[in-house]
Amino acid sequence: MTERMLRFVTVPQETPEKRAVAERSADFGEIYREFAQAEAARQASRCSQCGVPFCSIHCPLHNNIPDWLKLTAEGRIEEAYELASATNNFPEICGRICPQDRLCEGNCVIEKGYQAVTIGAVERYITDTAFEQGWVRPIRPRRELDRSVGIIGAGPAGLSAAEQLRGKGYQVTVYDRYDRVGGLMMYGIPNFKLEKPVVLRRHARLEDGGIRFELNTAVGRTIGLDQLRARHDAVLIATGVYKPRELGGPGSGLAGIVPALDYLIAANRENLGDAVPDFTSGLLDARGKDVFVVGGGDTAMDCVRTAVRQGATSVRCGYRRDRANMPGSMREVKNAEEEGVEFVWLTAPEAFIGGDTVEGVRAVRMHLGLPDATGRQAVEPIADSDFTLKADLVIKALGFDPEDLPAMFGEPALAVTGWGTLKIDHRTFITNLPGVFAAGDIVRGASLVVWAIRDGRDAAAQIHAYVEQRQTLAMAAD
Ligand SMILES: Cc1cc2nc3c(=O)[nH]c(=O)nc-3n(C[C@H](O)[C@H](O)[C@H](O)COP(=O)(O)OP(=O)(O)OC[C@H]3O[C@@H](n4cnc5c(N)ncnc54)[C@H](O)[C@@H]3O)c2cc1C
Ligand code: SF4
């Protein structure tokens, strides 16, 4: 069947159709349409089936990409799904939101000269088709175990660990302080990148498979970590990172200067039909406003594009470095530019102007200096270069740090690193507290969904080994 493959020379790269700017900017629906079967097969057939698949190596989950591309090219979609789901708990989500240009597709060997195989779009197609066709089977463990695991956090790290452990027969309870499952996939990432029914159907499947969810349950407030440790044979902390980095300078406390996650959560809740008083009052609604977003990462991109859809008068993004040095994905910058966002590169806010409420940003031009010890160019302000921009909504998207978990959990002995992330043994995922493991952003710092899934799967394997070992030791002592 090799003749069905290696077609990169004759078949050009096509991504799924992107909705027209005017249409997509007026709603929150996903911007990429789905591949039709024929196009998915054609695109998959471009794979060169190379001996050393760099795409797999650079996928954090080491997905068997060339194999499921070949099956897709042959029309064997159900088998492709079996293979894709063997290494990834949420292939359709990764297919939508992984920064493929930095991971699998960026390392595709035909990229040089012929443009990469559109791996993410095919991965999404395979799993969306599996859901439509009823091939996604419920989780039914072969045997039930009388051992239980408590998981704090229903983001991708917690959910993938929950699925892996439930598959082995553990009694699994996931605790989350939010009212819905998904973590940042539900409340951080906007609909135009990931529509919420895609996350909700995963929740339904996990619940149907016997995983219990205790939502609206903040560990450290509603229930103690010590209580969870007493209740379960092991506990996994997968709480993510939520403390926003702050802006300084005169006027930074004015009304109308808001943290990015507050803004995005309000938009996501509004789209889910929840009552959101701060949106209704206008505080977190960009309609009719001149919006200035500070930051250059994916969170900033999500804010500017949300503001466009809410009907902002103008949307600017100020970043202190240039386009080539911004951390956000180039695909998202391009999408934002198409949608009318203006990027003000090499710019940092110096002060915020206004009475009670912000009316403008005084910014200063920056230039890139010599690389520092990390190899990254330092940024320095240019003297007397300040200028003012009109803004009546300023969104701070400067990144996130971990909350103070030892204080939040009332467990001062829980060891953290100098950055406040949880300290673990990277081989076993265990913290310094017996039976307490950790995974995802709370260990890595702000990262990606695909890495959270990888960590959740690895942590689950280590929790299983730990519980089995303790059981063996207990039996030997009897
Ligand atoms: C705006 C935004 C856009 C992003 N876009 C992308 C993208 O396009 N692609 C990508 O790959 N990644 C993206 N990311 C990053 C990605 O979302 C995270 O890396 C990933 O969700 C981390 O997973 P996690 O499970 O570790 O934590 P989270 O997803 O943060 O989940 C943690 C969960 O723990 C819960 N929790 C926290 N404390 C407690 C407590 N005390 N008690 C009970 N529950 C608690 C939270 O409510 C939350 O549900 C984005 C992040 C943001 C903020
Ligand atoms: S999980 Fe992400 S990196 Fe891995 S193959 Fe899928 S899209 Fe690429």
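Give me the Kirkwood hydrodynamic radius of the range 1-147, using the inverse of the mean 1/r over all pairs of distinct Cα atoms, in Å to one decimal.
16.0 Å
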Report the Cα centroid-to-centroid distance between the range 233-257 and the range 146-216 in angstrom, as an integer. 23 Å
q = 0.16 Å⁻¹, the range 96-153: log10 I(q)/I(0) [Debye, one scatterer per Cα]: -0.75
In range of the label at GLU337: residues from the range 299-324 whose backbone nitrogen is under 11 Å from the point 7 Å along Cα→Cβ: 323-324
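Please give the peptides 394-402, 281-289 ranked by average Cβ packing (other Cβ atoms within 10 Å per residue), highest first, as a rough proxy for protection. Write out the running numbers ahead of the final one.
Numbers: 394-402: 22.2, 281-289: 17.2.
So the peptides 394-402, 281-289, ranked by packing, come out 394-402, 281-289.
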For the range 215-253, run through the trypsin sites (Lys or Arg not before Pro) and keep only the ones in DSSP coil with at most 12 other Cβ atoms within 10 Å of their Cβ. ARG221
Please list the non-local residues whose amide H lies under 5 Å from the amide H of VAL379, H modeled 1.01 Å from N, same-chain partners needing a gap of 5 or more. GLY369
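Where in the chain is the longest stretch that carries no GluC sites (Glu not before Pro) classed as loop by DSSP and with at most 13 other Cβ atoms within 10 Å?
Values: sites that count: GLU17, GLU144, GLU246.
No qualifying site falls inside 247-478, the longest such stretch.
Do any of LYS193/LYS334; LYS70/LYS196; LYS196/LYS396; LYS289/LYS390; LYS18/LYS334 go past 19 Å between their Cα atoms, and which?
Working: LYS193/LYS334 14 Å; LYS70/LYS196 30 Å; LYS196/LYS396 24 Å; LYS289/LYS390 10 Å; LYS18/LYS334 12 Å.
Beyond 19 Å between Cα atoms: LYS70/LYS196; LYS196/LYS396.
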Whole-Å distance, taken between Cα centres, linking the range 34-107 and the range 356-370: 43 Å
Give me the one-decimal nm value for the distance between modelled label points at ARG245 and THR388, 7 Å along each residue's Cα-to-Cβ direction. 2.8 nm
Quick one: net charge of ASP179's neighbours, Cβ under 12 Å, K/R +1, D/E -1? 0
Plugging the Cβ-Cβ distance of GLN227 and ALA474 into 1/(1 + (r/R0)^6) at R0 = 22 Å yields, to the nearest 0.05, a FRET efficiency of 0.50
Where only C-alpha atoms are counted, convex hull volume of the range 81-220 per residue in Å³: 123 Å³
If I model a spin label as a point 7 Å beyond the Cα along the Cα-Cβ vector, how far apart are those points for LYS112 and VAL379 in nm? 3.3 nm
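For the range 281-353, what mean projected area does the convex hull of the alpha carbons give, in nm²? Each step should come with its number before you reach the end.
Details: hull surface 19.5 nm².
Dividing the Cα hull surface by four gives the mean projection, 4.9 nm².
Rounded to two decimals, what is Rg over Rh for the range 276-428 when you use alpha-carbon atoms and the Kirkwood radius?
Details: Rg = 18.5 Å, Rh = 17.6 Å.
Radius of gyration over Kirkwood radius for the range 276-428 works out to 1.05.
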Would you report the distance distribution of C-alpha pairs in the chain as whole percents per 20 angstrom bin, up to the bin with the largest distance? 22, 53, 24, 1
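Just from its helices, what would the mean residue ellipticity at 222 nm be for the chain, if runs of 4 or more DSSP H residues each count -39500 (n - 2.57) and the sum is divided by every residue, rounded to the nearest 500 deg cm²/dmol? Mind showing how you got there, number by number?
Numbers: 19 runs with 175 residues, N = 478.
One gets -10500 deg cm²/dmol as the mean residue ellipticity at 222 nm.
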Residues of the range 125-161 with amide N under 11 Å of the 7 Å Cα→Cβ point at ARG212: 148-150
Can you give the accessible area per residue of the chain, in Å², using a 1.4 Å probe? 43 Å²
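The values are calculated or read from the model by the stated rules, or taken from the named source; none is laboratory data. None of these values were measured; they are calculated from a predicted model. Virtual Cβ from ideal backbone geometry, glycine too; neighbours counted across all protein chains shown. These area figures cover heavy atoms from the full protein model, side chains too; ligands, DNA and RNA do not enter into them. Shrake-Rupley method; radii C 1.70, N 1.55, O 1.52, S 1.80 Å.
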